[in-house]
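Here is the structure we will look at.
What follows is calculated from the coordinates using simple rules that are stated; it is not laboratory data. These numbers were taken from a predicted model, which means no experiment stands behind them. Cβ placement follows ideal geometry from the backbone for every residue including glycine, while neighbour counts extend to all protein chains displayed.
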Amino acid sequence: MQSMQFSDTTLGPDGNLWATGWEQTNNGQLKRIWRITPTGVVTTFNASACTTSSSITSGSDGNLWFICSTNSVAKITPSGTISTVTVTVGEYVWGSSIDTGSDGNLWIVPAAMNNRKTTRLTTAGVATIFQVRGGATAGTSTKGSDGNLWFGNGSSVSWISPAGQSANITAGRLISGAFSIVAGNDKNIWIGNNDNSITRLTPSGEATNFFGGSINNPRSLTLGPDGNIWFLNTGNSSIGRITPTGQITNFVNDQIDPFTIEAITPEGFLWIRSGTDLLKIALAIPSAPRNITASPENGQATISWTSPISNGGFSISGYTVTASPGGKTCTTSGALSCTVTGLTNGTAYTFKVRAATANGAGLLSAAATATPRAVTAARSR
């Protein structure tokens with residue numbers, strides 16, 4: 001892949017990694033889109049109709065959307081068909097980042113935040129310009145649990161609603177840089193700062209800073225399938241992990257000359273862009289338990305499963321089953337079944353299982369369903 005120069009990547013709806021950029025050939029630099037399977041098989045698509053192929057996002061319509069030129073974006077289907085959409089607000093496209101909002105629309109943030117504006121673009125190509133209070137920085141957007149799109153902006157963050165309403169949050173001096181942000185499963189916004197800290201910001205604006213654990217210029221904050229936030233320490237070439245409660249762990253890999261974490265797959269692999277290479281690194285956590293079954297009983301359900309394919313290099317110390325709705329749990333110290341009690345008869349529940357090791361919680365399993373019911377005693381004659 002030495003001739004490939006990557007601009008941006010995203011995990012596609014087909015489970016593949018999709019990348020934009022250009023390729024040096026005997027005919028000069030050619031704009032490219034690449035599809036990369038989990039096993040590393042690369043398929044190249046020609047994007048010669050574009051004068052650039054930069055930021056890319058997975059659209060709500062099942063296609064991949066990317067910045068194509070000064071006045072257009074383009075979409076590519078999972079099978080590789082490319083078509084362009086002209087955007088009338090061209091000055092807000094070039095050098096921009098593109099993301100998909102909770103509303104299913106595409107949101108474009110300019111590189112040089114002209115007049116602090118952003119563009120909402122429907123998948124049908126209808127563009128609307130909105131002002132963003134406090135501004136935004138291209139490449140820093142994340143979808144919040146509140147349905148808004150959040151942006152980093154130096155010493156503050158901003159959000160914009162699907163309808164175009166926006167606000168700016170400074171959180172005192174607890175935000176410094178905000179060059180990388182991501183929404184966590186805990187409904188908070190997590191921010192990588194340039195003072196070697198990470199900020200946890202609630203939707204209401206309450207901020208907590210975390211230091212230590214060898215945090216060093218954290219970038220590329222990414223939500224992992226284990227519920228933790230993973231990031232690159234660009235100051236010391238290591239991978240970091242922070243739990244929702246702020247526990248920090250560092251991992252060193254001598255292959256990494258960090259640039260960005262591009263994606264984390266549901267199977268538990270990190271895709272990292274390092275120089276001109278893409279690296280796939282396994283997270284040191286268990287993969288998901290398999291073959292989940294749920295047997296309904298009176299006010300409870302018994303869940304069974306088989307062990308994960310991988311333990312992440314650490315012995316499995318136990319399993320946790322979580323029911324939804326309600327969040328009732330049962331745990332084991334290694335057994336492959338347990339009973340969740342305190343359930344409501346007649347209510348349909350889903351159950352998911354995850355393993356744990358000394359290195360942390362593993363990936364969630366697929367769901368099994370069951371509806372507890374009261375047992376009716378047979379009537380004697």
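Brief remarks follow.
- Label-point separation in nm, T208 to T81, each point 7 Å along Cα→Cβ: 5.0 nm
- Principal semi-axes of the equivalent ellipsoid, √(5λ) from the alpha carbon gyration tensor of the range 290-370, are 23, 11, 10 Å from largest down.
- Taking amide H atoms as placed 1.01 Å from N in the peptide plane, the amide H of S72 lies under 5 Å from those of V87, each 5 or more residues away in sequence or on another chain.
- Panel note: the C-alpha atoms of the chain, placed on their principal axes, show extents of 86, 48, 45 Å (largest first).
- Each residue of the range 320-327 was assigned a 3J(HN,Hα) from its phi angle through the Karplus curve 6.51 cos²θ - 1.76 cosθ + 1.60 (θ = phi - 60°); the sequence is 10, 9, 10, 9, 9, x, x, x Hz, with glycine and proline shown as x.
- Once the Cβ-Cβ distance of S317 and T371 is raised to the sixth power relative to R0 = 25 Å, the FRET efficiency obtained is 0.20.
- Of T142, T128, T302, the sequence from fewest to most neighbouring Cβ atoms within 10 angstrom is T128, T302, T142.
- Lysine pairs with alpha-carbon atoms under 22 Å apart, the chain, spacing 8 or more or separate chains: 7
- Segment T128..V42, full-extension length gain: 27.4 nm, with 0.36 nm per residue of separation and the alpha-carbon distance subtracted.
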